[in-house]
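Below is one structure, written out as structure tokens; the observations come after it.
The values are calculated or read from the model by the stated rules, or taken from the named source; none is laboratory data. Note that this is a predicted model, so its numbers are computed, not measured. Here the Cβ is made from the backbone with ideal geometry for all residues, glycine too, and neighbour counts use every protein chain on show. We work out accessible area using only protein heavy atoms, side chains counted, and drop any ligands, DNA or RNA first. Shrake-Rupley method; radii C 1.70, N 1.55, O 1.52, S 1.80 Å.
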Amino acid sequence: MLYPEVNASRSVISLDGLWRFCLDDGSNEGTINNDFIKANAELIAVPASYNDQKDDLRYREHYGWAYYERELMIPANLSDCRLVLRFDAVTHACKVFIDGALVKEHKGGFLPFEIDLDGIAGAGERHLIQVAVDNRVSHSTLPVGNEEGTAFFGSDNADVPSVEAAKVWRKKRNLPNFDFFNYAGLNRSVRLCAMPREYIEDITLVPSIEDGEGYVSYSVSTVGEGAVTVDIIDREGCAVASAQGASGRIRIPGCHFWNPWPDDPYLYTAHVSFASDCYDERFGVRTVAVKGHDFLINGKPFFFKGFGKHEDSAIHGRGFDLAYAVKDMSLIHWLGANSFRTSHYPYAEEIYRLADEEGVVIIDETPAVGIGAGDKVDPYKTFDIREHHEDVIRDLVARDKNHPSVVMWSMGNEPDTEHFPESARDYWGSLYEFTHSLDPQDRPVTFVCCQNNYEKDLATREMDVVCINRYYGWYNLSGDMDAACHALNIELDFWQEVGKPLIMTEYGADTLPGFHLTTPEMFSEEFQVMYYDRINKEFDKRDFVIGEHPWNFADFNTIQGVYRADGNRKGLLTRDRRPKLAAHYFRERWNKIANFGYKR
Ligand code: BDP
């Protein structure tokens, strides 16, 4: 899906700003009740999660439907255009109504969808947009919520008669099977896009490098009659190559390749013209491949220095904030990092566009987090998620396929691979084939494995890169780094035999900023530094460990619970992006590690 672009043939009207909003009280269940909305509506900001915008526990704890509405006056001068209403992300499921009529239902809270307004809403008229949003997570959503039982780190499991008896008094609530706050609402921008009625629908670009020469294969899908022209424009704005036709292969003379920062992340623009429409798609010429123990970018062995992140900030919740996106890129450079994983869902499109420009490498993750339900229930046989998971992968690849920054797909995070190993292997193995078949650039594919009995796990070893989250020294062998390193090495011996490259996609320790000790113990800043230093020294002895992604870039909000005081505190930075000691530690370490050839 193309990103909304303003150019000679297209215009975009932002619908961000204040919308009227109200929480359902359970009586309307996603249907539009105008009297109810009128009686209860308050103003709320879009884009942003609704949960932390009001000082009212009902917003924070809401379970179920909520309603947004605003008027849209479509300018009369757009009457000859194809008009599209685009929602960048509505979390998690929604129904869109225009002038009272249901025009779209969408499931999945982290990817864009569009509504063609032809026959629905015309130019020169005033219309009412209403969006009913459902924040419930369950065994049929991604991310996964528990249908019953406890939330992540909840404490309802106690085998205590009085606790059992009191459960009936529990409010209906979300029970996430994941460790980030279930922020919801119109988390990303809403826009009205106008383009010619005969238009460019999609552009697919596949770069390649052969004998030092750069090429780009392209295909353009269009609606209407006309011829396609593609001009390749360099950074100086000069056309350096061109082609005619809906698909083809273009040699780029004197091609500059896209390389991760601090090398040059050189970008070209493919200027596509068709009938009276045009579109500028930025792209980089780079290749990605896995060979033996190496992850090759442009044929050179790359070392991943970075983190798992979250889209999370005060007040906005998971709402997109461009200033945070820019600040985070700045901090990534400051830390000497070169990559991050979009744990645990696809991020806003602006972040990938920024990463392309700034040369930051991305492992692009779906929202499939928390597929598991203990040792009694096979989630792969009982959860109603397969079709939705495929839809999400299809939409993710369609959205992000042209980004040079995206070098690998992560199909999900920490599913059960231990209790039902055959089911897990079949599920993830078939999705692995599916993802490969969809990606025109055929990037490596993986999923991220949680700390469990790795000997039983049959799925992780089948991936292109083994990605593991391990908390030796924190959740296991807590505070004892000698024992932790010993255990880590036993496991690393196992993975070494498997023969694939390995990225430690999560490891970390909750750390309270300002809590200092001369004797490093858990939660202190000194412990966090010692923890990373000890573990990194073990990684340094292993050639097949091709990446270290501490958990997490910054502190982030979670559901309340006995393990979480003001959220998850494993950030190298605080939630407002101030460095803990460990950030300085990594800055020193990573600035000495080159992007290419480390350990080789
Ligand atoms: C891992 C999860 C991550 C959590 C982290 C933690 O992948 O989402 O936040 O543990 O517990 O299991 O800090």
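Peptides 175-188, 463-476, 564-577, ordered by how many other C-beta atoms sit within 10 Å of their residues on average, highest first, read 175-188, 463-476, 564-577. Entry comment: accessible area of the chain is 39 Å² per residue, from protein heavy atoms only and a probe of 1.4 Å.
Peptides 254-266, 322-334 ordered by packing proxy, namely the average of other Cβ atoms within 10 Å per residue, highest first: 254-266, 322-334. Think of each Lys and Arg Cβ as +1 and each Asp and Glu Cβ as -1; about the Cα centre, that makes the dipole of the chain roughly 880 debye. Each label point was placed 7 Å from the Cα along the Cα-to-Cβ direction; for Ser217 and His486 their separation is 5.3 nm. Just grab the label-to-label distance for Lys300 and Asp391, each label 7 Å out from Cα along the Cβ direction, in nm (one decimal). Here the answer is 4.3 nm between the modelled labels. Think of the stretch 1-102 as having a plus end and a minus end, set by charges on the Cβ of Lys, Arg, Asp and Glu; of Leu57, Ser9, Pro47, Ser9 sits farthest toward the positive end of this dipole. Cross-link partners of Lys376 among aspartates and glutamates, defined as those whose alpha carbon lies under 19 angstrom from its own and excluding same-chain residues fewer than eight positions apart: Glu147, Glu148, Asp156, Asp159, Asp384, Glu414, Asp416, Glu418, Glu422, Asp426, Asp457. For the stretch 489-587, chymotrypsin sites (Phe, Trp or Tyr not before Pro) are listed when DSSP marks them as loop and at most 16 other Cβ atoms sit within 10 Å of their Cβ; the list is Phe515, Tyr563. Its residues counted as N, the stretch 420-543 yields a C-alpha radius of gyration over 2.2 N^0.38 Å of 1.23.
Taking the helices alone, the chain has a mean residue ellipticity at 222 nm of -6000 deg cm²/dmol, built from -39,500 (n - 2.57) per DSSP H run of at least 4 residues and averaged over all its residues.
A straight chain from Glu61 to Glu521 at 0.36 nm per residue would run longer than the Cα-Cα distance by 162.2 nm.
Multiplying the residue separation of Glu147 and Ile593 by 0.36 nm and removing their Cα-Cα distance gives an extension gain of 156.0 nm. Projecting the Cα atoms of Leu267, Gly224, Tyr279 onto the charge dipole of the stretch 198-286 (Cβ charges, centred on the Cα centre) puts Leu267 farthest toward the positive pole. Starting from the Cα of Lys305, draw a straight line to each of the aspartates and glutamates and keep only those under 16 Å, dropping any in the same chain fewer than 8 residues away. Partners found: Asp263, Asp294, Asp328, Glu358, Asp364, Glu506, Asp533, Glu538, Asp540, Asp543, Glu548, Glu588.
Just to verify a number: FRET efficiency for Asp263 and Arg126, C-beta to C-beta distance, R0 = 60 Å, to 0.05? With a Förster radius of 60 Å, E is 0.70. Using only the Cα atoms of the chain, build the gyration tensor, take square roots of its eigenvalues as a ≥ b ≥ c, and label the shape rounded, prolate or oblate: rounded if a/c is under 1.5, else prolate if a/b is larger than b/c, else oblate. Oblate, because a/c is 1.5 or more while a/b does not exceed b/c. Across the chain, the mean sequence separation of Cα contacts (distance under 8 Å, 6 or more residues apart), normalised by length, yields a relative contact order of 13 percent. The residues packed around Ala270, meaning those with a beta-carbon under 9 Å from its beta-carbon, carry a net charge of -2 if Lys and Arg are +1 and Asp and Glu are -1.
Full extension of the chain between Glu358 and Leu43 yields a length gain of 109.8 nm, computed as 0.36 nm times the residue separation minus the alpha carbon distance. Solvent-accessible area of the chain (1.4 angstrom probe, protein heavy atoms only): carbon and sulfur portion equals 50 percent. Counting only protein chain heavy atoms and rolling a 1.4 Å probe, the accessible areas of Glu497, Glu147 rank, largest first, as Glu497, Glu147.
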